[in-house]
1. Does any residue of segment 134-149 turn out to be touching a residue at least 60 places away in the same chain (Cβ under 8 Å), touching an Asp or Glu at 6+ places or on another chain (Cβ under 6 Å) and not polar (S, T, N, Q)?
2. When you check Glu169 against the structure, is it at pLDDT 90 or above, of a type in the set (D, E, K, R), in a loop (DSSP other than H, G, I, E, B) and within 24 Å of the chain's Cα centre (by Cα), yes or no?
3. Considering segment 27-56 alone, what residues qualify as being in a helix (DSSP H, G or I) and among the small types (Gly, Ala, Ser)?
4. If you scan segment 39-54, which residues turn out to be in contact with a helix residue (DSSP H, G or I) (Cβ under 9 Å, 6 or more places away or on another chain) and free of Cβ contacts under 8 Å to residues at least 60 places away in the same chain?
5. Can you find a residue in segment 181-195 that is assigned to a helix (DSSP H, G or I), under 27 Å from the mean Cα position of the chain (by Cα) and either loosely packed, with under 11 Cβ neighbours inside 10 Å or not assigned by TED's automatic domain parsing to the domain that holds Asp141 (or both)?
6. I'd like the full set of residues that are in contact with a strand residue (DSSP E or B) (Cβ under 9 Å, 6 or more places away or on another chain) and assigned to a helix (DSSP H, G or I), limited to segment 65-87.
7. Only residues that are under 18 Å from the mean Cα position of the chain (by Cα), of a type in the set (A, V, I, L, M, F, W, C) and surrounded by fewer than 16 Cβ atoms within 10 Å (Cβ to Cβ): list them for segment 12-49, please.
Amino acid sequence: MIENETIKHQLNHRSIRQFKPASLSTEQLTTLYEVARQTSTSMFMQQMTILHVTDEKKRAAVREICHQPYVGANGDLLIFIADLHRNQIIRQQAGNDDGRLHTTDIFLQAVEDTVLATQNVLNAVESMGLGGVVLGSIKNDSQKLIEVLDLPQITFPILGLQIGIPDQEPQLKPRLPLSLMAFENDYPKTMPMNLMPDYDRVVNTYYDLRNANQRVDTFTNQINSDKLNQQVTKRDEIVAALHQQGLALDLNV
């Protein structure tokens with residue numbers, strides 16, 4: 001396998017959830033913003049915006065939505081937003097209507113821009129000797145978050161990123177074997193699930209030995225848990241929140 005400094009950081013990725021009581025410098029933040037700005041963008045529409053949340057009331061509100069005590073605590077909180085509003089203004093100033101901005105296709109392209117930028121920034125964070133954790137939990141109540149951040153129409157918060165100086169050294173979390181994730185040309189008709197017991201044992205050992213939140217668990221147990229069981233949550237209201245924002249209005253077609 002090829003190895004260089006960039007790949008070393010990527011292969012050593014660990015989610016950091018405890019940070020020292022310090023904020024990033026203006027130089028560090030600017031560097032991360034520039035990394036996000038140079039991220040690949042679908043059709044060169046650049047439909048992504050970052051909000052650096054420093055207001056303590058807003059940080060506390062985001063923390064409540066996420067149900068995670070480290071969110072908006074030490075370090076810096078970034079919210080990555082799928083942003084079609086900026087391009088809407090550009091079209092309106094030219095005397096054009098919104099065109100396809102309200103379609104699922106264009107919204108998904110904005111989501112792609114936003115997710116790519118989030119990962120790019122996290123890679124840069126780790127290359128700078130800092131740590132971070134991606135926050136999908138901001139979508140626990142999308143409509144409330146939109147109100148907290150006072151976001152305009154045809155924008156939508158996709159991911160959060162809590163970053164800062166690490167105050168923990170968690171173990172590397174074991175991933176699925178490559179033979180279950182990477183294939184040549186065709187998706188296998190029969191997945192080699194006989195590999196799962198060995199992987200479950202590795203995951204179980206990881207949870208048993210890790211420093212924080214020790215528990216006995218396996219990967220297959222998690223997939224068969226409430227994570228995917230039939231249940232109603234606030235996340236099931238995401239489509240309604242999208243429509244309220246004027247996004248993906250053709251989803252019911």
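The values are calculated or read from the model by the stated rules, or taken from the named source; none is laboratory data. Predicted model, so just to flag it, every value in this text is computed and none were measured. Quick reminder, even Gly has a Cβ in these numbers, built from the backbone with ideal geometry, and neighbours come from all protein chains shown.
1. No, that holds for no residue.
2. For Glu169, the condition - at pLDDT 90 or above, of a type in the set (D, E, K, R), in a loop (DSSP other than H, G, I, E, B) and within 24 Å of the chain's Cα centre (by Cα) - is met.
3. Ala36, Ser42
4. Scanning segment 39-54 gives a single hit, His52.
5. No, segment 181-195 contains no residue that is assigned to a helix (DSSP H, G or I), under 27 Å from the mean Cα position of the chain (by Cα) and either loosely packed, with under 11 Cβ neighbours inside 10 Å or not assigned by TED's automatic domain parsing to the domain that holds Asp141 (or both).
6. Scanning segment 65-87 gives Cys66, His85, Arg86.
7. none
So that you can scan it fast, the table gives a plain yes or no per residue for (1) in a loop (DSSP other than H, G, I, E, B); (2) buried (at least 19 other Cβ atoms within 10 Å of the Cβ); (3) modelled with pLDDT of 95 or more; (4) not basic (Lys, Arg):
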site: Ile89; (1), (2), (3), (4): no, no, yes, yes
site: Asn96; (1), (2), (3), (4): yes, no, yes, yes
site: Leu108; (1), (2), (3), (4): no, no, yes, yes
site: Val115; (1), (2), (3), (4): no, no, yes, yes
site: Gly132; (1), (2), (3), (4): no, yes, yes, yes
site: Phe156; (1), (2), (3), (4): no, yes, yes, yes
site: Leu159; (1), (2), (3), (4): no, yes, yes, yes
